[in-house]
Each structure stands twice: as structure tokens, then as C-alpha cells.
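Student: Provided herewith is a single structure, encoded as C-alpha cells, for subsequent inquiry.
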Amino acid sequence: MSRLRLGVNIDHVATIRNARGGSYPDPVRAAELAIAAGADGITAHLREDRRHISDADIEALAVITRKRGRPLNFEMAVTREMEAIALAHLPHAACLVPERREERTTEGGLDVAGGHNHIAPVVRKLVDAGVRVSCFIDADPAQAAASQAMGAQVVELHTGAYCDAVRERSPEVERLLGALKATAAEAARLGLEVHAGHGIDYETVKAVAAIPELAELNIGHFLIGEAIFVGLTPAIQRMRTLMDEARIGRAA
Ligand code: PXP
């Protein structure tokens, strides 16, 4: 089983900064620290309302990730504006996400199957420009198939429902984990690289990281929260260790 990459999402460093305006704390400094702590890549979501990451952050993150030789994963809604920004910066990867202004976070996966006409031209333009395109989807093999048919190279599975179920001790846990496993297997069979993310913490990472088809996890909110208590570097290092242990556990 290949090593699982850890992408660190630094959006919520910007959330804290924006609570006061000004420039502190700087998400770019957090990205530098995350890379030094072992992050394999940096993820940032430029939302339509700019509630956390700003245009200037994306510009600076594109520069430092290039300098440090780590991929930038640009999370974006499927809009003309975001497409233009992605094409201007040419990040290593773009992860297409659904976005509604009123939501607190990305609450569900992209309906790739239902949104074909709207999404396919954006996928094509980004792929043609050399950007690796990922679709953030719910655990549904039909959405993986639609992503592949559209030309995306990657799908990122939305783990939010599974992680919430674990925290709530819901009877749905096994069914939701089964859906993630089945979708990961189907996506890999279709030749897609498979990522996962949303809501992952030290408890939920274990079962997710053990899904053999996964190549990358993207984790943000929990790591930035833990950074308040223990610091960003130890939080990332502990997550890294748990990911590695989960992989070894499966191989044994
Ligand atoms: N992956 C995607 C596509 C996301 O939209 C998010 C949230 O911005 C994450 C991963 C990270 O989720 P969390 O912040 O809950 O770890």
C-alpha cells in the first residue's frame, strides 16, 4: 500500500486573522510551518465571499508552495471567477467543490452527475492548462463514474457524514464507512486517484486512513483547532503518525 499523503488545509488560520482584520495570524506562515512539520501539500479554499482565504493569500501560497516544492491544492467553486483565478495561478491541483453562501462549511459533495453541462467545460479548461482536477464528491460510485467521464483525474470523498456519525455514536457509522470504502474501490478501478477529507480528527482518521485505495487526506479545521492547544507542529506530527499506523495496521 502506498504512503498516504497529508494535505493541510490552512483556511481557518485566515478565519482567526479575519476576526480582527489586519494580517495576524498569517496563513502563509502556517503553511510554511505545516510543510516543515511534514505536510505533503497545502490546501486552501478561496470562497466566493472571501470569509477566510483572500486573493492575496492564494497569490502568496502559490509562491511559497512552489518555492518549497510542495503542491498547492486550490479548492474552488465551479464559477467563471474561480476558473480565471485558477488559470492565473496554475496550482498543482484544483478541487471542485459545491458552494452555497449560507453554508458554514462545504456541506455535501458536488453533484457531478447532475451538473455535467456546467462542470465539464471547467474541468476541460483546467486539465488542458496542466492543473490536476479533483471533484469533491459524496460516497457514491455514480459520482465517481461521472467525474471520470468528465475528465477529472482525482476524486476527493467527503468524509463529513462518516466523521459526524462517529462523534455522535450513530448506528450509521458502519454503513457510511462501507460507502466510503465501496466508492474508493470503484474510483480506483476507474483509474482515478482517490483522496478524502472533511471533519477528520484523531479518532476518525484511523478507519479512513486504512482504506487502501486512498492516496491523500486533506485535513484542516481539527488541526488548526489542536494548534491552539498543542501547537501546529505537534498536531500535524500526531496526525501523520496515526495515518502511518493505520496503513501499517492494514498491511499486517
Ligand atoms: N476537503 C475539502 C474539499 C474541503 O472543502 C474541506 C473543508 O474546507 C476539507 C477537505 C477539510 O475539512 P476540515 O476542515 O473539516 O478538515
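Student: Specify which of the listed residues (Val127, Val133) is of a type outside the set (Ser, Thr, Tyr), part of a strand (DSSP E or B) and either touching a Leu at 6+ places or on another chain (Cβ under 9 Å) or away from the ligand (no atom under 16 Å from the Cβ) (or both).
Tutor: Testing whether each residue is of a type outside the set (Ser, Thr, Tyr), part of a strand (DSSP E or B) and either touching a Leu at 6+ places or on another chain (Cβ under 9 Å) or away from the ligand (no atom under 16 Å from the Cβ) (or both) leaves just Val133.
Student: Within the stretch 46-59, is even one residue more than 16 Å from the ligand (Cβ to nearest atom), crowded, with 21+ Cβ neighbours inside 10 Å and of a type in the set (A, V, I, L, M)? Talk me through it step by step, then tell me what you get.
Tutor: So the first thing to find is which residues in the stretch 46-59 are more than 16 Å from the ligand (Cβ to nearest atom), and the list is 55-56, 59.
Of the ones still in play, those that are also crowded, with 21+ Cβ neighbours inside 10 Å are none.
Scanning the stretch 46-59, I find no residue that is more than 16 Å from the ligand (Cβ to nearest atom), crowded, with 21+ Cβ neighbours inside 10 Å and of a type in the set (A, V, I, L, M), so the answer is no.
Student: If you don't mind, there's one more thing I want to ask. Can you give me the number of residues within the stretch 97-131 that are buried (at least 17 other Cβ atoms within 10 Å of the Cβ), modelled with pLDDT of 95 or more and touching an Asp or Glu at 6+ places or on another chain (Cβ under 8 Å)?
Tutor: 3
Student: Let me ask you something else. So which residues in the stretch 229-252 are under 13 Å from Ala30 (Cβ atoms) and either within 16 Å of the ligand (Cβ to nearest atom) or touching a helix residue (DSSP H, G or I) at 6+ places or on another chain (Cβ under 8 Å) (or both)?
Tutor: Leu232, Thr233, Ala235, Ile236
Student: Take the stretch 2-50 and flag every residue that is free of Cβ contacts under 8 Å to residues at least 40 places away in the same chain, touching an Asp or Glu at 6+ places or on another chain (Cβ under 9 Å) and among the basic types (Lys, Arg).
Tutor: Arg17
Student: Mind listing whichever residues of the stretch 145-203 are more than 11 Å from the ligand (Cβ to nearest atom) and among the polar types (S, T, N, Q)?
Tutor: Ser147, Gln148, Gln153, Ser170, Thr183
Student: Could you check the stretch 146-157 and list, in sequence order, the residues that are surrounded by 24 or more Cβ atoms within 10 Å (Cβ to Cβ), of a type in the set (A, V, I, L, M) and within 14 Å of Glu213 (Cβ to Cβ)?
Tutor: Val155, Leu157
Student: Which is on the phi < 0 side of the Ramachandran plot, within 12 Å of the ligand (Cβ to nearest atom) and in contact with a Pro (Cβ under 9 Å, 6 or more places away or on another chain), of Glu226, Glu216? So that I can check it myself, show each step before the final result.
Tutor: Details: Glu216 fails: in contact with a Pro (Cβ under 9 Å, 6 or more places away or on another chain).
Of the residues listed, the single one that is on the phi < 0 side of the Ramachandran plot, within 12 Å of the ligand (Cβ to nearest atom) and in contact with a Pro (Cβ under 9 Å, 6 or more places away or on another chain) is Glu226.
The values are calculated or read from the model by the stated rules, or taken from the named source; none is laboratory data. Quick caveat, the model's predicted, so the values are computed rather than measured. Ideal geometry is used to build each Cβ from the backbone, glycine not excepted, and the neighbour counts take in all protein chains shown.
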